[in-house]
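Reading through the structure tokens given below for one structure.
The values are calculated or read from the model by the stated rules, or taken from the named source; none is laboratory data. Bear in mind that the values here come from a model prediction, so they are computed numbers and not experimental data. Positions of Cβ are generated from backbone atoms using ideal geometry, with glycine treated the same way; all protein chains shown enter the neighbour counts.
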């Protein structure tokens with residue numbers, strides 16, 4: 001009976017000791033957050049090390065240590081820290097983070113191996129797919145990226161980023177019709193997906209379906225309230241092609257509200273007034289574009305053309321020559 005009591009006392013003591021260790025390691029971990037929040041990363045790392053000294057199996061602390069080391073620029077040490085985690089557990093997050101660190105080191109092949117290991121553990125781990133897709137894109141392995149997207153689509157048929165990645169890569173490979181089919185699938189899932197609409201407009205413009213492209217740009221701006229300068233500039237260009245001058249004017253003013261010193265928008269404003277026959281105003285706005293960007297070839301040509309129409313031939317020749325020298 002006395003022996004049993006001693007055993008029970010020993011177990012209770014060991015349990016209390018473990019609980020004390022857990023509380024102590026957590027206390028150091030909380031302190032590491034406090035140090036990090038006030039910008040003392042070295043002290044934060046010291047607290048994490050103390051937490052791990054008390055509880056070497058504290059995986060969350062190991063993650064924080066790897067992240068802290070990476071922030072401090074100690075990427076090699078951060079990699080070793082994550083490799084220690086992966087050696088003792090099949091953790092998809094650890095492999096994904098390890099892949100990111102290999103990318104920072106420029107080792108894209110090793111990064112891809114890590115992402116694949118992460119996906120082998122958890123095949124629907126969207127973050128690992130995303131990292132792998134970016135890595136394949138950076139390394140120019142577009143065909144592999146498309147296969148990666150197909151794999152993700154087979155697992156998650158409504159995962160829009162996979163279709164967008166695939167469409168973008170198909171576009172880079174010149175497979176425009178396949179890319180458009182991919183984007184149509186996105187628009188079946190969400191008819192107002194801005195990225196899909198923008199990419200579709202770009203591809204339609206590239207394949208020469210300009211009127212259809214303009215409709216998608218108009219939807220972005222007029223219906224979905226998109227105010228991306230790239231969208232606005234493209235829409236203005238197409239409005240000129242189809243002689244939609246009032247709409248072009250609206251988009252020009254919209255763009256200038258966003259970026260008053262954009263030389264391309266001032267060029268477009270000059271072009272608008274030239275088309276409307278107001279040559280003095282056209283000249284004024286071409287000058288504005290040239291002042292902002294002295295080598296703006298289209299603005300130089302526009303000014304030369306207007307000067308020629310005004311009969312100022314010598315000045316016109318001067319600006320034609322300036323444009324041709326660019």
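Going by the conditions given, is residue 135 touching a helix residue (DSSP H, G or I) at 6+ places or on another chain (Cβ under 7 Å) and within 30 Å of residue 209 (Cα to Cα)? No, not satisfied.
For residue 143, the requirement of being surrounded by fewer than 13 Cβ atoms within 10 Å (Cβ to Cβ), without any contact (Cβ under 8 Å) to a residue 40 or more places away in the chain and under 30 Å from residue 96 (Cα atoms) is met. Exactly one residue out of 119, 136, 204, 155 is surrounded by 19 or more Cβ atoms within 10 Å (Cβ to Cβ), under 26 Å from residue 90 (Cβ atoms), in contact (Cβ under 8 Å) with a residue 24 or more places away in the chain and over 21 Å from the mean Cα position of the chain (by Cα): that is 119. Where helices (runs of 4 or more DSSP H) fall wholly inside segment 235-326, the ranges with 2 or more residues that are in contact (Cβ under 8 Å) with a residue 24 or more places away in the chain and under 33 Å from the mean Cα position of the chain (by Cα) are 245-258, 263-275, 279-292, 297-309. Looking only at residues in segment 51-64 that are free of Cβ contacts under 8 Å to residues at least 24 places away in the same chain and in a helix (DSSP H, G or I), the one that is surrounded by the most Cβ atoms within 10 Å (Cβ to Cβ) is 62.
Within segment 82-100, can you find the residues that are surrounded by fewer than 24 Cβ atoms within 10 Å (Cβ to Cβ), in contact with a helix residue (DSSP H, G or I) (Cβ under 9 Å, 6 or more places away or on another chain) and assigned to a helix (DSSP H, G or I)? Scanning segment 82-100 gives 83, 84, 85, 86, 88, 92, 93, 100. In this entry, residue 253 is excluded by the filter for residues that are outside the structural domain of residue 209 (by TED's automatic domain parsing), touching a helix residue (DSSP H, G or I) at 6+ places or on another chain (Cβ under 9 Å) and surrounded by fewer than 16 Cβ atoms within 10 Å (Cβ to Cβ).
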